[in-house]
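Structure first, commentary second.
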Amino acid sequence: MAEEAKAYVDSYVETLRELNNWPMKLGPRVESEGRSSSSSSEDIFERRHLDTDLARSRSYSESPTTELSNDQLIADQLDGAGDSESRRKRHASSVLAEDRQSLRRSDRPTRSQLSYAMRKRRRRNKQSSKIDRLVDDYGIRPVDSDHEAEHLVSNADPDLDSRDELAGIKAVARTMQAAPKKPDNIPSEQDLLSLLRQREIHGRAPVRVASGRVPFKAAIYAKLENAFIRQSEWTDCSGDIQHISWINEDAFLCGATAHLDSHNMEYNKPGNLLLGSTTHDTLKSFADHRIPRPISDSLKNGESLHQTQDPWLYSSVVSTAHCKKSGFSFTASFDETVKIWSVHPDGSSMESVGTWKHAGKVNFVVTSDHHERVATASGVNSNAVRVYNFNEKSISESDYAVYGGNKALSQIEDGQQTKPWSYQPATIQWGKPAKVADLLLVGYSPRSDSGDEADIPDEKKNTGELCVWNTRTGEAIHISASHTQNVFEVQWHPTQPIFAAATSPSGIYDGGKTKTQIRLFALNEDEIFMNIQALDCSAIDINELTIMPNSMLHCYVTASCTDGNTYIYDTSRGDQPIHILQHGDPLDPLDPDLPREVGDTGVQFAAWGQTTSRFYTGSSDGIVKAWDIKAPQGRSYVRNVLSLAGAIISGAFSKDFSKLLVGDATGKVHLMSINDSDLEGGPVAMGFKNSLSKEGSSKSATEKDCSTEVTLQQLLEQRNGLLSKSIKRPKVIIPHKEPPHPEGPEINQPRDETSVEIAKQYLKRGWLEQRGSLGVFQGANYQETGWYDPKAHEDGDKDRPLLPQFHEDQQYVMRQKASVSFDLLRQVKSSKIEKHQENMSLDLNLTSMSHETKEALKSEGVEIEGEFDHTFIYELFPETAV
């Protein structure tokens, strides 16, 4: 065992001696590479620490015995234990043994071998500085692996195989000398402080960019966005969270869908319009978007449902907006109205201040940051677009101008308005740059009035129109070409007079690969929008478009589609995507029998972060993902920000990107914010502080301190944006007050009497009569009701006799009821009491038996112990059972 250890130490000493002589022999070679060993302070330091380790190793190898005393080992370990420079020296010397085989290829190494060795030692020195920081921050004590190995070898167990033990010791030594991994649960603030420290030492962006690293600002933004966690969750909304708008940093509006069809209106419930507050951690419901519940003729029990259910039917709220200029908020609904709201700054309440009625379902309401005009778009055949000149003194009476596309107007002029389909607005947006702030961009698509796409002719499905109007002058802005395709989505450039439109393909394209196109239009000096570029997309439908400038002339364009993918384009790199960001399979496809891009909603949430590299998407797989757009192809995925049990429908960042709201298909709203629980005034910390104060009001001081410590510890252990269930539970939205009963026709009025009371009134008036067990028939005064079907009488006159087929059916029903007979139960007389007592005396009574009788029965094998029940279950005879 001792010989093996001595040979190992001798080989190590020999390696150190050779490495110590290299810079002296090959000084000119190193200098020719631009690095002089004689003048390099780093090389001088390396030679010094090599000399030190060589002397130390020589003293160990020339010792008369390989056994090290404990005092010597302890002194060697404590030598410079508190000095980071000494620790770095020992660490660098200990890892040289690993390079022995790779460096001793010849007596005189080549220039490449020497350069590799020098670079590797410099990397090890940098790694040692990281270890020093961990030692200072977390108290990790480094171990001199070679000294520990020799000590373990000299004091080994003689019963073990020396070769296996030495190999194991060497493996342990290599593991011990490796730099420890950073713990996963270190708060992100440590990384932020590290970045700030690097900025103070190395300066700002140029140094980092020159070394191939991201600027400090982008790095800090990325760290903050990686710290997003779910702060709150609200449930019990009326349906899918269709749209979310931030009013300010504390208040937000949500619109949700509701069941309105005649075949499912019994599932309609409130919660279609919601106001949220991050300050109070609440989400309140409002009942203003509603209509009286009609009686459904298609349901057999429509009348009874009308009697028992809510007299109001809540309509889908599909669009919300806030105007910074006027300070008012707007909500659009399928009840054919746009409501105007005055919202409290902290989101605790809001008041309806006006209503704009339309001729059809309102699908869009949009506002501009540059003026107070408000644009709406409804699902009607003509003049579907309105632009309101907001009048704060008389909001409901604000005047408006109407606009319509040429195709929609020509369809009416040709007398085709009776067709089951028409061209209707599919998307609408105000211009974002100041130069085009007065321009309103609208995209038209063919829409079926019944919602069945089969009503649209095949030759018309890829047709549509792009329209741009100057709302200040009322004039239409000319678009040069490619503006008559089916339009899916539009998006303005944030700083340039340029917009992108997702349309059906046109012109020259590959029909096998290109199913849709994203076209870029720019405004020229003649006030005409010219088509400057077309980007090919392989998806058949596009949900969302975004534009992010990446230079003065070019930008990133993203197209999120129904196939579950988002296609990323760089306008400077051609018409093909540079990334395809994929999501998983949908949680609940609309139609599993159809292809995914036809029967699925796909990606409906797409938003940029604070930098041009970070991008977010949310799809029907229930996951919000973060991506790095500037990463190489195939390596853009960053992490899952949020995983839900329902499809992602909508989302919105706050203005400062410190909060993210996400709405899903299960009627839940999720609020995410940066994990700043270590800061006293942060939203997460304040939320927990408030919850603890409510839950622990009756606890003692000790119990409160313990609960606070546990809660914050659980918060730090969160993963992938998911909080522990023991920390946050979904909160139910705050319901609104019961609205008053509707006013209008009697059909929409709730009846005061119950169904039983109404039936009694019919019998009392003689309209109906009950004939024993046969049922209910027409009464003597039935003609007063007028409940006759004219179609069942001759010539459609209810006073004429019934038609033969109806009369035959009526007589058949009466004969069937008359033939039904019921057998009455026979009269049964009870027996006399004396006979009953006699019969009872004949029953076997085990308790009255003598002991001898019981023993005799046992000897014969009769079971006399136990519970015996001699009663009978009486059942109805077949002829008397009804």
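The values are calculated or read from the model by the stated rules, or taken from the named source; none is laboratory data. Here the structure is a predicted model, which means the values were calculated and not measured. Using ideal geometry, Cβ is built from the backbone for each residue, glycine included, and neighbour counts are taken over all protein chains shown.
Collect the residues in segment 476-486 that are closer than 17 Å to GLY404 by Cβ and either in a loop (DSSP other than H, G, I, E, B) or in contact with an Asp or Glu (Cβ under 7 Å, 6 or more places away or on another chain) (or both), keeping them in residue-number order.
Residues satisfying the conditions are ILE477, HIS478, HIS483, THR484.
For segment 552-574, what are the residues that are without any contact (Cβ under 8 Å) to a residue 24 or more places away in the chain and under 29 Å from the mean Cα position of the chain (by Cα)?
Of everything in segment 552-574, just one residue is without any contact (Cβ under 8 Å) to a residue 24 or more places away in the chain and under 29 Å from the mean Cα position of the chain (by Cα), namely ASP570.
Could you tell me whether ILE540 is at pLDDT 95 or above and of a type outside the set (Phe, Trp, Tyr)?
Taking the combined requirement at face value, the residue does not satisfy it.
Looking at segment 493-516, is at least one residue among the aromatic types (Phe, Trp, Tyr) and in a loop (DSSP other than H, G, I, E, B)?
Checking segment 493-516: at least one residue is among the aromatic types (Phe, Trp, Tyr) and in a loop (DSSP other than H, G, I, E, B).
If we keep just the residues of segment 449-461 that are surrounded by fewer than 16 Cβ atoms within 10 Å (Cβ to Cβ) and part of a loop (DSSP other than H, G, I, E, B), which is nearest to the chain's Cα centre (by Cα)?
Checked segment 449-461; the qualifying residue nearest to the chain's Cα centre (by Cα) is GLY451.
Answer with yes or no whether ALA607 is of a type in the set (A, V, I, L, M) and within 16 Å of MET672 (Cα to Cα).
yes
Does PHE529 satisfy the criteria of being in contact (Cβ under 8 Å) with a residue 60 or more places away in the chain, farther than 26 Å from GLU459 by Cα and crowded, with 22+ Cβ neighbours inside 10 Å?
yes
If PHE806 passes every condition in (1) over 60 Å from the mean Cα position of the chain (by Cα); (2) modelled with pLDDT of 70 or more; (3) not charged (D, E, K, R) but one, which one does it miss?
Going through (1) over 60 Å from the mean Cα position of the chain (by Cα); (2) modelled with pLDDT of 70 or more; (3) not charged (D, E, K, R) one by one, PHE806 breaks only (1).
Among what's in segment 383-411 and is buried (at least 17 other Cβ atoms within 10 Å of the Cβ) and more than 19 Å from HIS322 (Cα to Cα), pick the residue that is nearest to the chain's Cα centre (by Cα).
ALA384
Identify all residues within segment 572-598 that are over 18 Å from SER636 (Cβ atoms), part of a loop (DSSP other than H, G, I, E, B) and among the aliphatic types (A, V, I, L, M); write none if there are none.
Answer for segment 572-598, where residues must be over 18 Å from SER636 (Cβ atoms), part of a loop (DSSP other than H, G, I, E, B) and among the aliphatic types (A, V, I, L, M): LEU587, LEU590, LEU594.
For segment 599-641, give me every one of the strands (runs of 3 or more DSSP E) that falls completely inside it and has 2 or more residues that are buried (at least 22 other Cβ atoms within 10 Å of the Cβ).
By residue number, 614-618, 623-628.
Given the condition in contact with a helix residue (DSSP H, G or I) (Cβ under 6 Å, 6 or more places away or on another chain) and either modelled with pLDDT of 80 or more or on the phi < 0 side of the Ramachandran plot (or both), answer yes or no: does some residue in segment 856-868 qualify?
So far as segment 856-868 goes, yes, one or more of its residues are in contact with a helix residue (DSSP H, G or I) (Cβ under 6 Å, 6 or more places away or on another chain) and either modelled with pLDDT of 80 or more or on the phi < 0 side of the Ramachandran plot (or both).
Determine the pairs where a residue that is free of Cβ contacts under 8 Å to residues at least 40 places away in the same chain, located within segment 385-405, has a partner that is in a loop (DSSP other than H, G, I, E, B) and aliphatic (A, V, I, L, M) with Cβ atoms under 7 Å apart, the partner being 6 or more residues away or on another chain.
Short answer, once both residue conditions are applied: GLY404/ALA384.
Taking LYS435 and the conditions (1) touching a strand residue (DSSP E or B) at 6+ places or on another chain (Cβ under 9 Å); (2) of a type outside the set (Asp, Glu); (3) within 25 Å of TYR567 (Cα to Cα), which numbered condition does it fall short on, given that it satisfies the others?
(3)
Pull out all pairs, ordered by first then second residue, where Cβ-Cβ is under 7 Å, the residues are six or more apart or on different chains, the first lies in segment 774-794 and is over 20 Å from GLN805 (Cα atoms) and surrounded by 12 or more Cβ atoms within 10 Å (Cβ to Cβ), and the second is modelled with pLDDT of 80 or more and polar (S, T, N, Q).
VAL776/GLN770
When you go through (1) β-branched (Val, Ile, Thr); (2) assigned to a helix (DSSP H, G or I); (3) buried (at least 18 other Cβ atoms within 10 Å of the Cβ) one by one for ILE547, which number turns out not to apply?
(2)
Any chance you could count how many residues in segment 326-351 are touching a Lys or Arg at 6+ places or on another chain (Cβ under 8 Å) and surrounded by fewer than 15 Cβ atoms within 10 Å (Cβ to Cβ)?
Of the residues in segment 326-351, 1 are touching a Lys or Arg at 6+ places or on another chain (Cβ under 8 Å) and surrounded by fewer than 15 Cβ atoms within 10 Å (Cβ to Cβ).
Can you report the number of residues in segment 535-552 which are among the hydrophobic types (A, V, I, L, M, F, W, C) and under 23 Å from GLY512 (Cβ atoms)?
Within segment 535-552, residues that are among the hydrophobic types (A, V, I, L, M, F, W, C) and under 23 Å from GLY512 (Cβ atoms) number 5.
Restricting attention to segment 222-272, which residues are assigned to a loop (DSSP other than H, G, I, E, B) and of a type in the set (Ser, Thr, Tyr)?
SER238, THR257, SER262
Answer with yes or no whether ALA534 is in a strand (DSSP E or B), surrounded by fewer than 18 Cβ atoms within 10 Å (Cβ to Cβ) and either assigned by TED's automatic domain parsing to the domain that holds ASP575 or among the small types (Gly, Ala, Ser) (or both).
Criteria not met by ALA534.
Contact list please: Cβ distance under 9 Å, first residue in segment 587-601 and of a type in the set (Asp, Glu), second residue assigned to a helix (DSSP H, G or I), pairs at least six apart or on different chains.
Taking only residues 6 or more apart or on different chains, the pairs are ASP591/VAL598; ASP591/GLY599; ASP593/GLY599.
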